[in-house]
Amino acid sequence: MIGSEDMKVDVILTAGEIKAEKIKDKIVVIIDVLRATSVMTTALANGVKAIYPYKDIESVLENCKKSSSYVLGGERKGLKIEGFDFGNSPLEYTKEAVNGKDLFMTTSNGTRAIEASANGSKKLFIACFLNVQSVVEKLILENQDTVIVCSGTNDEFSLDDALCAGEIIKRLSKEADVKLTDISLGLKIIAENSKGIEDTLTGSKHFEYLKSIGFYGDMNHCFSMDKFNIVPEYKNGVITL
């Protein structure tokens, strides 16, 4: 085992529960598996220069004017915003479409969680199933108290985010000395007992909703474990590698 036994890992279960005192001076990891952080990770892997996340549409439309080469992405209720280039499907963010461009983005949960966590956190990383192992290695390297933020869905607990958080905690526990809160321990146990991502999430609200509006194809991508060896980091209003 490596690392300090003082490394504490806590979890916040929805974007609405983020409080300044819980994240102050901590490493924060934002998860929104379906689908904001999966989009961000995919877009950066496919050559997006920088991602500018905002909680509202107006901020996106205002701030994108500062860039000479950009695309607009995001969703409301899972569907593409009128006038935007892309929705919230990671499959849309191909190399051909995004390489070398800035991405201005707003989503219902993920970008809100980022904005709420920006003030006070020591560092802020972006995670999903696509980059779990890279995030684990980064956290071991940082060796600081960490709070994993599950964005949730409309301020409700979302099993997809929780399972991803549990997977991070499970691997972290194997590779470093960590002190877990009860929530962290609970999610670790869920991950340890999962027979597969889709199997575990079948019947869960957000997973079933996205299937019902035609995004089942996204799931194969979003549930591809360790597809990318990158850890996006949010700093001063922008996400880069």
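The values are calculated or read from the model by the stated rules, or taken from the named source; none is laboratory data. This one's a predicted model, so the numbers in the text were calculated from it and none came from an experiment. Cβ placement follows ideal geometry from the backbone for every residue including glycine, while neighbour counts extend to all protein chains displayed. SASA here: full protein model, heavy atoms, side chains in, ligands and nucleic acids out. Shrake-Rupley method; radii C 1.70, N 1.55, O 1.52, S 1.80 Å.
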Over the range 138-241, equivalent-ellipsoid semi-axes from the Cα gyration tensor in Å: 24, 18, 14
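How large is the helix-only mean residue ellipticity at 222 nm for the chain, computed as the sum of -39500 (n - 2.57) over DSSP H runs with n ≥ 4, divided by its residue count, in deg cm²/dmol to the nearest 500?
Taken over the chain, the calculation gives -10500 deg cm²/dmol.
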Lys101's amide H: which non-local residues (gap 5+, or another chain) put their own amide H closer than 5 Å, with H modeled 1.01 Å from N in plane and none for Pro or chain starts? Lys49
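Carbon and sulfur: what percent of the range 21-78's accessible surface (1.4 Å probe)? Each step should come with its number before you reach the end.
Working: 1110 of 2280 Å².
Summing carbon and sulfur atoms, their accessible area is 49 percent of the total for the range 21-78.
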Average projected area of the Cα convex hull of the range 68-152, in nm²? 7.1 nm²
State the dimensionless ratio Rg/Rh of the range 38-110 (Rg: radius of gyration of Cα atoms; Rh: Kirkwood radius). 0.92
Based on the Kirkwood radius over alpha-carbon pairs, what value in µm²/s does the Stokes-Einstein equation return for the translational diffusion coefficient of the range 183-237 at 10 °C and 1.306 mPa s? 117 µm²/s
Where Cα atoms sit under 14 Å apart: lysine pairs in the range 56-178 separated by 8 or more or lying on different chains: 4
Report the label-to-label distance for Ser212 and Asn229 in nanometres (one decimal), using points 7 Å from each Cα along the Cα→Cβ vector. 4.1 nm
Pairs of Cα atoms under 8 Å, at least six residues apart: use those to get the relative contact order of the range 85-241, whole percent. 34 percent
R0 = 45 Å: FRET efficiency of Gln133 with Ser67, Cβ-based, nearest 0.05? 0.90
Which FRET efficiency, nearest 0.05, do Arg76 and Ser194 yield, Cβ-Cβ r, R0 35 Å? 0.70
Area of Cys64 that stays accessible when all protein chains are in place (1.4 Å probe, Å², to 10): 10 Å²
Can you divide the C-alpha Rg of the range 1-140 by 2.2 N^0.38 Å and report the result to two decimal places? 1.08
Sequence neighbours fewer than 8 away in the same chain don't count; with that in mind, list the aspartates and glutamates whose C-alpha is under 18 Å from Lys8. Glu21, Asp25, Glu137, Glu142, Asp145, Glu167, Glu175, Asp177, Asp182
Using every pair of alpha-carbon atoms in the chain, split the distances into 10 Å bins beginning at 0 and state the percent of pairs per bin, rounded to integers. 8, 36, 38, 16, 2, 0
With the 1.4 Å probe rolled over protein heavy atoms, the chain has an accessible area per residue in Å² of 43 Å²
Can you give me the % of accessible surface on the range 155-241 that is carbon or sulfur? Probe 1.4 Å, all protein chains present, nothing else counted. 51 percent
With each pseudo-label sitting 7 Å past Cα toward Cβ, what's the Lys122-Lys24 distance in nm, one decimal? 1.5 nm
Given axes a ≥ b ≥ c from the Cα gyration tensor, I'd like to know whether the range 116-162 is rounded (a/c under 1.5), prolate (a/b larger than b/c) or oblate. oblate
How high is the relative contact order of the range 1-153, in percent, with contacts defined as C-alpha pairs under 8 Å that are six or more residues apart? 46 percent
